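A.B. asks: First, the structure itself, so that you have it in front of you.
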Amino acid sequence: MTPLDIVLMLIVVVLLAAVVLLWQRGNRMAELDKSALEAARQEAQVMLDAARKDAQTTLETARSQAQALLENARAQARELTATAQNEARSTRETAQAEAERIRTDAENRVRTRMAEERERLQVALAAERESLKLERERLQSDLTAVRAEREELKRETERLARRGEQLDARAARLDEQEEKLDVHEKALYEREAELATRERHIDLKLQEVAGMSQEEARNLLLTRLEAELEEERAHRVRASLEKARLEVKREAQKLLAQAMQRQASETAAALAVSVVPIPSDAMKGRIIGREGRNIRTFEALTGVDLIIDDTPEAVLLSSFNPVRREIAKMALEQLVSDGRIHPSRIEEVVEKAKNEMKTYIYERGEEAALEAGVVGLKPGLVQLLGRLHFRSSYGQNVLKHSVQVAHLTGIMAAELGLDVTLARRAGLMHDIGKSVDREIEGTHVEIGITLASRFGEPKEVIDAIAHHHDPENGETLYSVLAAAADAISAARPGARRESLEEYIQRLEQLERIAMSFPGVDQAFAVQAGREVRVIVKPDKITDTKATLLAREIAGRIERDMNYPGQVQVTVVRESRAVEFAK
């Protein structure tokens, strides 16, 4: 819109406003007279003329301003056009350069990808060629094998054909030989009949000469032969039994000593289970945990079976290792008293219990050394001595047994005028090998010698450890004192025991082993398991076999059972002939 249009619009608006005002005024002043109307018309004409002049002036001014603005706009438009052309030219050049770069990069990527694809195809083609080559070689080898097999079959067919011909010829020869054999058989039958006739004549002459019948002569010969054989067999059996008894006794002493030294037949019912009281049965569910995660974590960390049954307000801990069982007991008691039971807490408490167990073991070792009156033990030996607190032999605590042996050796050494301190030290340390004999190969004597030598114990102590089971070979009197005190401590009434359940199981196992052999009728374990009496069937087991059966049963018992002392095997074979007088 130009300034002239604006001015004209203003004029029109002013005129319209004036007309409206006049019209309104005419309505209001309808009563005015014509003179007033004429005056108003003149006044309006004057105003209109004035407005026309103002509009003309404003129009000219607006025209000049519009002309100046137009010239200015044209100059700016020319400058903007030149600038836009320059920018468009530079943008076009930049775009062309970028397009060239993109095209070059795309060509390079395409070339690289084509090169990689070409290499991959070449590798695949080479692999395929190699595979085809291998397949061709395999087929060639198969073909060669098939040809060789065909040749072999051909040769086999020819060989079978020749074999058939040979068999036919052989059959013909066999027929001829069979005919000859028939002839020889007839001759032999005739010769045999002739010999039988002559034998009868000779028997009749012998009977006439000897004055007895053939049956009587046979019985006499058999009787003499049986007597000679019985005597010879008795001599041989007696010699074999004596030799076997000596060898078995020597070997049994060795094996029994090793077995009793290493595995002291502990009381399983009393030493494999610990009872942990709980405040209420509701605690059992918390110990088990959601889906059993708490009990699984506890068993995995401690290596102890946690038994939760119907026992009111108590849970059981089962393990053959007393140290692990005691650690588990300490940890479970702390968890129950604390009330917080979850896997991370269980792990923390078990680790704490392990550390406390080390301190507890050391304290037990110190107490035992103090009670026995032995000083100057190295910390490692004190720790090993404390481990004996968790070791038992037939219900007898090995640590208390060692302290008692130390007191006994000290008393006897004082009576004999020997070194009491050294004697107590030897008695206290005589079973030190039992602290680790289940973790290290060897008997507790061998392990004890090694440990004592490693910790620099006196030679008298080492000699007592080495020979407290065979004092005859000891080099000092301290080994004799240790052996005597060991026997006294173990043999005193009530020192050792065996659980009723294990005792019954041992007797049942003895009878079961004896009954497993063929020909056994009955078997009885008597004398508290020290003897097994085996009754055999006389029609199936002879006297000679009875001796062998006793040896076999004893060997099976030695291999399959652990037992104190020795077990005597007695095989009873009894023949009875019963008739009734009617």
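The values are calculated or read from the model by the stated rules, or taken from the named source; none is laboratory data. These numbers come from a predicted model, not from an experiment. Cβ placement follows ideal geometry from the backbone for every residue including glycine, while neighbour counts extend to all protein chains displayed. We work out accessible area using only protein heavy atoms, side chains counted, and drop any ligands, DNA or RNA first. Shrake-Rupley method; radii C 1.70, N 1.55, O 1.52, S 1.80 Å.
A.B. asks: What are the ³J(HN,Hα) couplings of the range 144-151, residue after residue, when phi is run through the Karplus curve with 6.51, -1.76, 1.60 and θ = phi - 60°? Round to Hz, x for glycine and proline.
C.D. replies: 5, 5, 5, 5, 5, 5, 5, 5
A.B. asks: Then there's this: Report the local net charge at residue 416: Lys and Arg +1, Asp and Glu -1, summed over other residues whose C-beta lies under 15 Å from its C-beta.
C.D. replies: The answer is -2.
A.B. asks: Using a Cα-Cα cut-off of under 17 Å, which aspartates and glutamates could be cross-linked to residue 133, ignoring same-chain neighbours fewer than 8 residues away?
C.D. replies: Cross-link targets: 142.
A.B. asks: Across 10 Å bins from 0, what is the distribution of all Cα-Cα pair distances for the range 333-395, in whole percents?
C.D. replies: Using 10 Å bins, I get a P(r) of 20, 35, 26, 17, 3 for the range 333-395.
A.B. asks: At a Förster distance of 30 Å, what's the computed FRET efficiency of residue 82 paired with residue 56, Cβ-Cβ distance as r, to 0.05? Write out the running numbers ahead of the final one.
C.D. replies: On the way: r = 40 Å, r/R0 = 1.32.
Between residue 82 and residue 56 the formula returns 0.15.
A.B. asks: Take the Cβ-Cβ distance between residue 70 and residue 12 as r, set R0 to 30 Å, and report the resulting FRET efficiency rounded to the nearest 0.05.
C.D. replies: My answer for the efficiency is 0.80.
A.B. asks: How high is the FRET efficiency between residue 358 and residue 314 when r is their beta carbon distance and R₀ equals 30 Å, given to the nearest 0.05?
C.D. replies: Calculated value: 0.60.
A.B. asks: Give the carbon-plus-sulfur fraction of the accessible surface of the range 86-211 in %, rounded to a whole number; probe 1.4 Å, heavy atoms of protein chains only.
C.D. replies: 54 percent
A.B. asks: Gain in length, residue 174 to residue 137, computed as 0.36 nm per residue apart minus the alpha-carbon separation, to one decimal in nm?
C.D. replies: 8.1 nm
A.B. asks: Moving on. Which pairs in the list 284/352; 329/378; 243/545; 358/459; 329/354 are over 20 Å apart, alpha-carbon to alpha-carbon?
C.D. replies: On the way: 284/352 22 Å; 329/378 29 Å; 243/545 18 Å; 358/459 29 Å; 329/354 11 Å.
Violating the 20 Å limit, Cα to Cα: 284/352; 329/378; 358/459.
A.B. asks: Which lysines, if any, have their Cα less than 23 Å from the Cα of residue 154, not counting same-chain residues under 8 positions apart?
C.D. replies: none
A.B. asks: What part of the accessible area of the range 536-576, given as a whole %, is carbon or sulfur when the probe is 1.4 angstrom?
C.D. replies: Answer for the range 536-576 is 42 percent, counting heavy atoms of protein chains only.
A.B. asks: Enumerate the aspartates and glutamates that residue 434 could reach by cross-link, defined here as Cα to Cα under 15 Å, with residues fewer than 8 away along the same chain left out.
C.D. replies: By straight Cα distance, residue 434 reaches 266, 446, 486.
A.B. asks: Separate question: How large is ³J(HN,Hα), in whole Hz, for each residue of the range 372-381 in order, when computed from phi with the Karplus curve 6.51 cos²θ - 1.76 cosθ + 1.60 and θ = phi - 60°, using x for Gly and Pro?
C.D. replies: Listing the rounded values in order: 7, x, 10, 10, x, 6, 6, x, x, 5 Hz.
A.B. asks: Ok, one more. Give me the accessible area of residue 455, 1.4 Å probe, in Å² rounded to the nearest 10.
C.D. replies: Residue 455 exposes around 40 Å² with every protein chain in place.
A.B. asks: Which order, highest average first, do 279-290, 125-136, 381-392, 294-305 follow once you tally other Cβ atoms within 10 Å for each residue and take the mean per peptide?
C.D. replies: 381-392, 294-305, 279-290, 125-136
A.B. asks: Rolling a 1.4 Å sphere over the protein heavy atoms, what is the accessible area per residue of the range 301-425, to the nearest Å²?
C.D. replies: Result: 46 Å² per residue.
A.B. asks: Continuing with the same structure: Which order do the peptides 186-196, 424-434, 474-484 take when ranked by the mean count of other beta-carbon atoms within 10 Å per residue, highest first?
C.D. replies: Per-residue Cβ counts within 10 Å, averaged per peptide and sorted highest first, yield 424-434, 474-484, 186-196.
A.B. asks: Ignoring ligands, DNA and RNA, what percent of the accessible area of the range 308-415 is carbon or sulfur (1.4 Å)?
C.D. replies: The value for the range 308-415 is 52 percent carbon and sulfur by accessible area.
A.B. asks: Here is a follow-up. So between residue 151 and residue 111, what do we pick up on full extension, going 0.36 nm a residue minus the alpha carbon distance?
C.D. replies: Additional length available on full extension: 8.6 nm.
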